[in-house]
1. In nanometres, what is the gap between the two model label sites at Ala65 and Thr166, each 7 Å from Cα along Cα-to-Cβ?
2. Which percent of the accessible heavy-atom area of the chain goes to carbon and sulfur, probe 1.4 angstrom?
3. Ser84 to Arg203: extension gain in nm, 0.36 nm per residue of separation minus the Cα-Cα distance?
4. At 1.4 Å probe size, with every protein chain present, just tell me what the per residue accessible area of segment 6-110 comes to in Å².
5. Which of the peptides 122-130, 29-37 is most tightly packed, and how do the rest follow, judged by the mean count of other Cβ atoms within 10 Å per residue?
6. Once label points are set 7 Å from the Cα along Cα→Cβ at both Gln110 and Val3, what is their separation, rounded to one decimal in nm?
7. Restricting to DSSP H runs of at least four residues, report the calculated mean residue ellipticity at 222 nm for the chain, -39500 (n - 2.57) per run over all residues, nearest 500 deg cm²/dmol.
8. Placing +1 on the Cβ of each Lys and Arg and -1 on the Cβ of each Asp and Glu in the chain, which of Thr166, Leu17, Ser129 has its Cα farthest towards the positive end of the resulting dipole?
Amino acid sequence: TFVDREAKASNTQLFLLGHSMGGAIASLYLEKYSFDFAAAALSAPMHQPDLSPIPNQACWLLRLAPGKRYVWGHGPYQSREFASDSALTNSRVRYEILKRGELDRHPQAQLGGPSFHWAHEACRAANRSVARANQIKVDVLLFQAGRDRIVKSDGQRRFCAVMNATRRQSCVLRYVEGARHELLIEEDLHRDRVLQDMISFFRKRRGHAR
């Protein structure tokens, strides 16, 4: 609805950027409505959430637990200090801006860990996004964080393999060594590379017929 009523109304050409769960949503969208966008970039997309010890092929196992309970090792939102082994980013400054700044000031935006019900739905959606990747008709640039502990890299590689089996080099995978999951709030070494590569990728496809 937003794309049809707002984005298309004021733009002659659209590009799509999706991060993490948004990357899985973007993938599913492109599989149905590829030609709404000239190209897409996916930042650490959730093509395989890390649900260890449950394999992604066994999403149904997550339904055996009460749906509103947090998955193992997770609980309600907590405001934590930055740690050098953070799963999110290497950047203390950007972590503090997000976690200790914006989220502490806006409690309505705070999220705890995933519930079993959420994990089940996320697992199913991720599997669908990979299985149907060959239906995407536009080029995709996929950034893979080298030290990601939120999503697994196998699903991202399978996603590109399925896309490229239909249209060679339609999915380009960029491995960002040393980067953690939140590539868009990473330290400059990683974030600058991602932003520059993404902008260059979009510029090369600007004006292409859809």
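The values are calculated or read from the model by the stated rules, or taken from the named source; none is laboratory data. Computed from a predicted model, the values in this text were never measured in an experiment. Ideal geometry is used to build each Cβ from the backbone, glycine not excepted, and the neighbour counts take in all protein chains shown. In case anyone asks, the SASA skips ligands and DNA or RNA and just uses the protein heavy atoms, side chains included. Shrake-Rupley method; radii C 1.70, N 1.55, O 1.52, S 1.80 Å.
1. Those two pseudo-labels are separated by 3.4 nm.
2. Details: 6120 of 11860 Å².
It is 52 percent, rounded to a whole number.
3. On the way: separation 119, 0.36 × 119 = 42.84 nm, distance 3.55 nm.
My answer for the length gained is 39.3 nm.
4. Numbers: 5990 Å² over 105 residues.
On a per-residue basis, 57 Å².
5. Numbers: 122-130: 20.7, 29-37: 16.7.
Ranking the peptides 122-130, 29-37 by packing returns 122-130, 29-37.
6. 3.5 nm
7. Numbers: 5 runs with 64 residues, N = 210.
Theoretical 222 nm ellipticity from helices: -9500 deg cm²/dmol.
8. Working it through, the farthest residue towards the positive pole turns out to be Thr166.
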